[in-house]
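The values are calculated or read from the model by the stated rules, or taken from the named source; none is laboratory data. Please read all numbers here as calculations on a predicted model, not as lab measurements. With ideal geometry, Cβ positions are generated from the backbone for all residues, glycine too; neighbour counts draw on all protein chains shown.
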Amino acid sequence: MAPASWARSASAETTTAPKVIAAAIEAYGQIDILVCNAGVGWQYGEEHPGTMAGVHEASLENWRDIVGGVDLEGYFTMFHAALPHMLEREKGSIVSIASMAGMTGLYDAHAYTATKGALINLTRSMGITYAKQGVRANCVCPGFIDTPLIEPAIDLFKTHQATSAAKVEFHELLRENKQLHRAVQSADEPAVVERTARRQGLIAEGERPFVLHGLQN
């Protein structure tokens, strides 16, 4: 197994993806698997007010900050840079980290949920488009992962912190759905991503993240 290498970059910058892909090809000669796992969440919202708000509280600039930033456009730039290489080889696996929020919605963070929903459907479309050329596209849709990204929202898991009607309703959803009952530890996720990238089955059980598969080839 070749040693790991790192290419420090900023996902929101349009020049990042070509540099990262070029660095990978230079280091290893090819790209077998692309995992896209960058994103911003409630922690970013505390630093940039309005970005994790509902539509009525967010500005157009807040919307563009999320949709035109890391959470969606950043994924597109990585796909766009990696796909020509994978299609030329007629082989590759793309795994994107989306979110359960892209399927269920949330009581706030509407731009965030929009990007995750878009990413899920983009994965389906890429799966349909590129399967015959040997390139697979799938996405993992985790619930809440206990990292600093969601720290400002972690109190949603505590009954006494559920104050507004929307938060109370969301808390009831957490109670009723075992998959959402607690924030999953970050150590749970890499194994799910690896199995998905290596085509080892559909995972949607217990407290594991959902996996949505594109069209299999």
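What to note about this one:
- Put simply, of Gln43, Gln30 the only residue that is surrounded by fewer than 19 Cβ atoms within 10 Å (Cβ to Cβ), of a type in the set (S, T, N, Q) and either in contact with a Pro (Cβ under 7 Å, 6 or more places away or on another chain) or without any contact (Cβ under 8 Å) to a residue 12 or more places away in the chain (or both) is Gln43.
- Only one of the numbered conditions (1) in a helix (DSSP H, G or I); (2) at pLDDT below 90 is not met by Ala22, and that is (2).
- Qualifying residue in region 37-56 (condition: hydrophobic (A, V, I, L, M, F, W, C) and within 27 Å of Ala131 (Cβ to Cβ)): yes
Yes/no per residue for (1) of a type in the set (Gly, Ala, Ser); (2) surrounded by fewer than 16 Cβ atoms within 10 Å (Cβ to Cβ); (3) within 29 Å of Ala197 (Cα to Cα); (4) modelled with pLDDT under 95:
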position: Glu47; (1), (2), (3), (4): no, yes, no, yes
position: Val70; (1), (2), (3), (4): no, no, yes, yes
position: His80; (1), (2), (3), (4): no, yes, yes, no
position: Thr104; (1), (2), (3), (4): no, no, yes, yes
position: Arg136; (1), (2), (3), (4): no, no, yes, yes
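- Some residue of region 4-11 being assigned to a helix (DSSP H, G or I), in contact with a helix residue (DSSP H, G or I) (Cβ under 9 Å, 6 or more places away or on another chain) and more than 23 Å from Arg198 (Cβ to Cβ): no
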